[in-house]
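The values are calculated or read from the model by the stated rules, or taken from the named source; none is laboratory data. Please read all numbers here as calculations on a predicted model, not as lab measurements. In this analysis, Cβ positions are derived from the backbone assuming ideal geometry, glycine residues included, and neighbour counts consider all displayed protein chains. The protein model used for the area step is the full one, side chains on, heavy atoms only, and it has no ligands, DNA or RNA in it. Shrake-Rupley method; radii C 1.70, N 1.55, O 1.52, S 1.80 Å.
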Amino acid sequence: MAFHFRRLPGWYLSFSSGRYRLPHFSSLLSVFRFSTINGIPDSSINDPSFHQTHNRCNVDERRVLTELSDLFQLSHMNTTIPLYPYKESYPVKQIESRDVDEFLLPEEKLRGIFLQKLRGRTAIENALSNVSVELSIDLIAKVVDRGNLGGEAMVLFFNWAIKQPGIPRDAHSYYIIIRALGRRKFFEFMIQVLHDMVKDGVKPNLETVSAVMDSFIRARRVHKALDMFENLEEFGLTPDTESLNVLLLCLCRRTHVGAANSLFNAVGGKIKFNCVTYNIMVSGWSKLGRVSEMERTVKAMIADGFTPDCSTFSYLIEGLGRAGQIDDAVEILDHMKEKGCIPDTRVYNAMISNFISTQNFDECKKYYKALLESNFDPDLHTYTKLISAFLKSQQVADALEIFEEMLIQGIVPPTGSLTSFIEPLCSYGPPHAAMMIYKKARKFGCQISLNAYKLLLKRLSRFGKSGMLLNLWDEMQESGHTSDMEVYEYVINGLCNIGHLENAVHVMEEALRKGFCPSKIVCSKLNNKLLAANDVDKAYKLFLKIKDARRNENALRYWRCNGWHF
């Protein structure tokens, strides 16, 4: 029986002549001179036309494996030849499969779909549907309000979300996407969504119209807002008194009082004004301190049959204060009382603001007490202005007293206001007063921001209050805030200042394990402290860890600068 062998590739023949020579392989090579390739005689290989045709074809890996399996009578689909000897005693390493989405927030999972560069709306919608999140209107707002999605991606996501069960197709849902598009100046997509809203049978409300107009005005496209007001009929609305007040309020709030006044004069007699319309115009001139324009608007208001109310007088008092006419503001307040118009909280707040601007704190306390004796109670605006003014003038005792009264009245300051109270206290003097505000606020259930915690940690670190610093750090983590590099630097610096080097080393190692590499100043300070304490071994070990962390940090920075993100 004659055996015909197929010619093997050249790389395999070179393999046979090396160190790993297969048994009896030289005898096989002698036969290859008389073999054929797919029925082609060996003599025809020398033909130039054959090489010209054969070189056009690339060597297929599957064809090579097929030839090898036919030669050695093996099945390359089911049999694998290990590179190293395999022993059954070797443990097989099982790799756990963990989803990357496990570490992401729900809104980040949905925004991440658009980072995959999927092609086609259907592919993107299918990928969004496969994300395991509980969709809600609040989650939709988080997706479109944050991140860096483009206008087309935001509209595509909203159109998919509005079709999901449990998501209402109402004016509030459309308001969320319109406001988000307007904030990022995607005006074409904003108007497109507004038209789609009307096509779907959802009538825009004044809140939606206000978001559209305010977006144009904030971008200094006042003419677009005016055109929007004139073309309200396209969206099922009419340019009436309420829509006019919305546009005037947006213009005055963005200090476009001249444009608001031109519109006010242009539509006079065509659209009926009300008391709110005149108050909006008075407030606009009040922000600029234009006393003559305020008086003219009030006279027109009275001539139109409207009586000035507390809002009108509060705007007048603020405008006079900005113009430096404090005595005239006091006369207006007395005139109110003579006419039987009882001043409310807004009027007293305006008087307090005027005397704060002149640093006359005695008069501030006087009108604050008058407000307490009246039928009205102070509001958050009253307390915030007084506390901020006292802290700025370093009258800490008065500020703490007002702060405690505010908490007793049940008025909880927002996170930003509380941070603004702590910040000046951490810029002068010991941290005792700042810690008092922090403890009282935490006792009454106020939410403390991460910036406020950082301010307190930095101040405690500077004064070497290690016990309070560590307790505050624990409370920060209990409140849900995670430590970043600044927090670790403040803690390490504070521990170094009082000589707690063992704890400082532990905190440094924890920061390095979490991927944070403190600054060279903090690392050098701890290293010098260890060397001064004659603990050379610990200093050297810590130096090696910091060196590795610094190298990894530089590598990550290089990768990210070149677009190689994780």
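Here the peptides 350-363, 209-222 are ranked by packing, the mean other Cβ count within 10 Å, and the order with the highest first is 209-222, 350-363. What does the C-alpha gyration tensor say about the overall shape of segment 436-564? Classify as rounded when a/c is under 1.5, otherwise prolate if a/b is larger than b/c, or oblate. The shape class here is oblate. Seen from a random direction on average, the alpha-carbon convex hull of segment 250-395 projects onto 9.2 square nanometres. The slack between residue 463 and residue 287, meaning 0.36 nm per residue of separation minus the straight C-alpha distance, is 59.1 nm. Sorted on the mean count of surrounding Cβ atoms within 10 Å across their residues, most packed first, peptides 272-282, 524-534, 257-267 read 272-282, 257-267, 524-534. Entry comment: accessible area of segment 352-460 is 48 Å² per residue, from protein heavy atoms only and a probe of 1.4 Å.
Accessible area per residue was computed with a 1.4 Å probe on protein heavy atoms; residue 256 scores about 40 Å². Efficiency by 1/(1 + (r/R0)^6): what FRET value for residue 296 and residue 436, r their Cβ-Cβ distance, R0 = 35 Å, to the nearest 0.05? Once the sixth-power term is evaluated, E becomes 0.10.
Using a simple spin-label model with pseudo-atoms 7 Å out from Cα toward Cβ, residue 136 and residue 392 lie 3.9 nm apart. Exceedance of the 22 Å cut-off in Cα-Cα distance is limited, within the set 185/287; 525/545; 439/465, to 185/287. Note the direction-averaged projected area, equal to a quarter of the hull surface, for the Cα convex hull of segment 284-337, in nm². The orientation-averaged projected area of the Cα hull of segment 284-337 comes to 3.4 nm². Solvent-accessible area per residue in segment 199-264 equals 47 Å², computed with a 1.4 angstrom probe and all protein chains kept. Just the protein heavy atoms count here, and of the accessible area of segment 473-523 at 1.4 Å, carbon and sulfur take up 50 percent.
Just to confirm a number: summing +1 for Lys and Arg and -1 for Asp and Glu over residues other than residue 499 whose beta-carbon lies under 15 angstrom from that of residue 499, what do you get? Here the count lands on +2.
Along its principal axes, segment 161-246 has C-alpha extents of 39, 27, 18 angstrom, given from the largest down.
Just the Kirkwood number for segment 390-442, please: inverse of mean 1/r across all distinct Cα pairs, in Å, one decimal. Mean inverse Cα-Cα distance, inverted, gives 11.1 Å.
The slack between residue 221 and residue 327, meaning 0.36 nm per residue of separation minus the straight C-alpha distance, is 34.2 nm. P(r) for segment 493-565, from all Cα pairs and a bin width of 10 Å, is 19, 49, 21, 9, 1 %, short bins first.
Sorting 485-491, 124-130, 182-188 by their mean Cβ neighbour count within 10 Å, with the most densely packed peptide first, gives 485-491, 182-188, 124-130.
Shape index of segment 412-482: Rg/Rh, with Rg the Cα radius of gyration and Rh the Kirkwood radius from the inverse mean 1/r over Cα pairs, equals 0.92.
A cut-off under 12 angstrom between Cβ atoms defines the neighbours of residue 465, and their net charge, with Lys, Arg +1 and Asp, Glu -1, is +3. A straight Cα-to-Cα reach below 16 Å connects residue 117 with the lysines 109, residues fewer than 8 places away in its own chain not being considered. Residue pairs exceeding 27 angstrom between C-alpha atoms, taken from 454/520; 299/337; 142/520; 142/385: 142/520; 142/385. Cross-link reach is defined here as a Cα-Cα straight distance under 17 Å, omitting same-chain residues fewer than 8 places apart; for residue 270 none of the lysines meet it.
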